[in-house]
Every structure is written in C-alpha cells, then in structure tokens.
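Asker: This is the structure I want to talk about, given as structure tokens.
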Amino acid sequence: MSDVSTPELVERSTTGVTDISVAELAAELADLREQLAVAQRLAQRAEDRGQVENLFNRYMYLHNAFQDEQIIPLWVKEGTEGIRARYTNAGQYTTWESVTRYHRGRPTPEGKLILHATTTPVIEVAADGRTAKGVWLMAGTESGLTDPKVAEAFPDMYSPEEVLGKKVWAHWVWCKYAIDFLKQDGEWKFWKFRCYELARAPFEENWVSFGLKNQGAFDLDLMYFGDDGKPVFMPPADEPVPSTNHPYSPQTVQRLEPAPPVPHETFTDTYA
C-alpha cells in the first residue's frame, strides 16, 4: 500500500487549511472591529448624556444658592453663533452679553428661598456628537420678605401675616425647561435656553384660582425680587418672541410644549 502523505500533498493540504483560517480570522476580526466601534459610539453617547445632565443639575444647584456668577462659564463662549435665552413673553436674548446679564449681580436677600427641583429629563445627543437636546420638569418653592410699601404694587401674591414687620410671599411654582447644548473644546455648554413657567400659587391659595388672575404676569419682564422684595426687571430684549407662551389657566387646555426630543443625526432648532 502506497503512502499518500507525500510532501507535495502535505504542503497543498496545509496551505489550503492555512488560507481558509486566515480568511475566517480576517472576517471575524472585521466583525469584532465593527462591534467595538458601535460600542465606543454608544459609550461616548452615554458619557455625553451624563455630562449634559450634570451640567443642568449644576446650574440648578448654583441658581438655588444665588451663585449665578458661577453659571456664566457654563454658557458657550462669547461670540458663539445662535446663542439664545428666553424666560417670559417680553422678548428673548440673542447675544452672549445679554444672555449672561441675567446671571450678573443677582442679590442674596435675607429670608429669600429658592428651591427648584428638576425631574423627568429626556435627553438626546445628536448622532454627530456635536449638540444635544434636553427637556425637564421642575417643581419648587420660592419665598421672601417684602417691605409693606413695595408689596402694595402686587397685593395678590402675599400671605396675610407679616414676619419681622414685612410682607411674606411664599409660592409653589412649576416650570418646564427646553435646552440645546453645544460641545465646545470637548465640554458641553448651554447654547439655547428656554424656561416655560407652567403654574404658581401662593401657599394659601390653589393654582386654579390664582392661575385665572395671573395670566398677564407672564407678559412682563420681571427677573426676580431683590432686596426688600423690590421687583427687578429684565433688561430690554434683543428681539420679540416668535410666539407667546402662557401658563396654566382653568380656561385653557394643556399642550405638549416643549415636545421631548427624539433621536436625531444633527442639530435642528426645535425650541425656537
């Protein structure tokens, strides 16, 4: 019986097996590389989402403590195109200077409390990784003391009792936020910011009756109540709002505004 394991056959057989193994390994390696790339993209998007959420949470902690000067570096750089902020129907701010002016010189009056707690975030990072969108709900309390003479201008918002010889305003408040973020130099920054006040009510009154008589307040440019409860108004807006927003009223229906963001490839202006 002849030996079939000649050197030529062994060489051809070994070469064939080696060729098949290399092809299989190359395909498997390509598949693993693709899986790794997908995993890296998902991990980066999750990291970006976490940074965006931390950014807004940091904003709220600073704002609650009247440390708004520390919020200014959280905004995009001066000169960034498309910067915008809006808080009322009185107008919107479209320059870095006017947007950040909201946070400059904010007083810390004795007896004033702001406790805004945000919840229910929906955050979507664009597939290109350059921008992100987020919406939040906020439930909170606001309170302070006002000189009785100053309080005469806004009689409906105060409690019947006085504390330390001053009128007391103590409110429940609910808001919605819609924010666009821009990644600059590897860090997420506020780019377009909009606050929708949904409802508020003094501690002694329900939000239904107060909502009926308080609609006109949101067309004013009130920024906050400062020392002795004196109202401080926003500086003149850069441009009018494209459409008005009004909070809860017993005579209106609720709308899905702002709409939660959905997965998207690149930025579109949906909160204008």
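The values are calculated or read from the model by the stated rules, or taken from the named source; none is laboratory data. All values reported here derive from a predicted model rather than from experimental measurement. Cβ sites come from the backbone with ideal geometry, for glycine too, and all protein chains shown count toward neighbours. Heads up: the accessible areas ignore ligands, DNA and RNA and are worked out on the full protein's heavy atoms, side chains in. Shrake-Rupley method; radii C 1.70, N 1.55, O 1.52, S 1.80 Å.
Asker: Got a sec? Which residues in region 170-186 would a label at GLU257 touch, if it sits 7 Å along Cα→Cβ and we count backbone N under 19 Å?
Answerer: 174-180
Asker: Given a 1.4 Å probe, how much area per residue of region 96-150 is accessible, in Å²?
Answerer: Here the per-residue accessible area is 42 Å².
Asker: Taking the Cα-to-Cβ direction at LEU113 and at ASN57 and moving 7 Å from each Cα, how far apart do the two end points lie in nm?
Answerer: Taking the simple label geometry, LEU113 and ASN57 are separated by 2.3 nm.
Asker: Please give every one of the lysines within straight-line cross-link reach of LYS176, meaning a C-alpha to C-alpha distance under 21 Å, and leave out same-chain neighbours fewer than 8 residues apart.
Answerer: Cross-link targets: LYS133, LYS189, LYS192, LYS213.
Asker: Classify region 184-267: rounded, prolate or oblate, from the alpha-carbon gyration tensor (a ≥ b ≥ c, eigenvalue square roots; a/c under 1.5 rounded; otherwise prolate if a/b is larger than b/c)?
Answerer: Note, shape of region 184-267 comes out oblate.
Asker: For region 162-272, give the magnitude of the charge dipole about the Cα centre (Cβ charges: +1 Lys/Arg, -1 Asp/Glu; no others), in debye to the nearest 20.
Answerer: Computed charge dipole of region 162-272: roughly 280 debye.
Asker: Moving to a separate point now. Only Cα pairs under 8 Å and at least 6 apart count here; give the relative contact order of the chain as a rounded whole percent.
Answerer: Across the chain, relative contact order equals 20 percent.
Asker: Before I look further, what does region 186-250 give for accessible area per residue, probe 1.4 Å, in whole square angstrom?
Answerer: Solvent-accessible surface per residue comes out at 49 Å².
Asker: Of all accessible surface on region 65-129 at a 1.4 Å probe, what whole percent is carbon and sulfur?
Answerer: Ligands and nucleic acids excluded, carbon and sulfur reach 51 percent.
Asker: With only Lys, Arg, Asp and Glu charged, each at its Cβ (+1 for the first two, -1 for the last two), find how big the charge dipole of region 109-165 is about the Cα centre; round to the nearest 20 debye.
Answerer: 360 debye
Asker: Let me check something: with ligands and nucleic acids excluded, how do TRP75, TRP96 order by accessible area (1.4 Å probe), largest to smallest?
Answerer: Ranked from most to least accessible, the order is TRP96, TRP75.
Asker: Using a 1.4 Å probe and counting only protein heavy atoms, arrange PHE154, PHE193, PHE203 so the residue with the most accessible area comes first.
Answerer: Ranking PHE154, PHE193, PHE203 by accessible area, largest first, yields PHE203, PHE154, PHE193.
Asker: Can you give the FRET efficiency to the nearest 0.05 for GLU78 and THR244, using r as the Cβ-Cβ distance and R₀ = 35 Å?
Answerer: E(calc), rounded to 0.05, equals 0.75.
Asker: Mind giving me the FRET efficiency for ALA46 and LYS213? R0 is 51 Å, r the Cβ-Cβ distance, nearest 0.05 is fine.
Answerer: In this case the efficiency is close to 0.65.
Asker: Placing unit charges on C-beta atoms (Lys and Arg positive, Asp and Glu negative, everything else neutral), compute the dipole magnitude of the chain about its Cα centre in debye, rounded to 20.
Answerer: Computed charge dipole of the chain: roughly 940 debye.
Asker: Arranged from highest to lowest average of other beta-carbon atoms within 10 Å per residue, in what order do the peptides 52-64, 21-33 appear?
Answerer: So the order, starting with the most tightly packed, is 52-64, 21-33.
Asker: To the nearest 0.05, what FRET efficiency results for PHE233 and GLN184 with a Förster distance of 25 Å applied to their C-beta separation?
Answerer: Computed FRET efficiency for PHE233 and GLN184 comes out at 0.20.
Asker: Using a/c under 1.5 as the rounded threshold, could you call the chain rounded, prolate or oblate? The axes a ≥ b ≥ c are square roots of the C-alpha gyration tensor eigenvalues, and prolate needs a/b larger than b/c, oblate otherwise.
Answerer: Since a/c reaches 1.5 and a/b is larger than b/c, the shape of the chain is classed as prolate.
Asker: How do ASP156, ASP128, ASP48 rank by accessible surface area computed with a 1.4 Å probe, from largest to smallest?
Answerer: From most accessible down to least: ASP156, ASP128, ASP48.
Asker: Between ARG104 and ASP147, what is 0.36 nm times their sequence separation minus the Cα-Cα distance? Round to one decimal in nm.
Answerer: 13.1 nm
Asker: So how much slack lies between LEU222 and GLU265, counting 0.36 nm per residue of separation and subtracting their Cα-Cα distance, in nm?
Answerer: Going from the current span to full extension adds 11.8 nm.
Asker: Excluding LYS112 itself, what net charge comes from residues whose Cβ is under 10 Å from its Cβ, given Lys and Arg +1 and Asp and Glu -1?
Answerer: -3
Asker: Same structure again: Heavy-atom accessible area per residue, region 32-95, 1.4 Å probe: how many Å²?
Answerer: 56 Å²
Asker: Report, in whole Å, the centroid distance computed from the Cα atoms of region 204-272 and region 58-72.
Answerer: The two parts, judged by their Cα centres, are 20 Å apart.
Asker: Which of rounded, prolate, oblate describes region 190-237, given a ≥ b ≥ c as roots of the alpha-carbon gyration tensor eigenvalues and a/c under 1.5 marking rounded, otherwise prolate only if a/b is larger than b/c?
Answerer: Verdict is oblate for region 190-237.
Asker: Quick one: net charge of THR270's neighbours, Cβ under 13 Å, K/R +1, D/E -1?
Answerer: Local charge sum for THR270: 0.
Asker: Considering only the chain, what is the antiparallel percent among its DSSP beta bridges, to the nearest 5?
Answerer: The answer is about 95 percent antiparallel.
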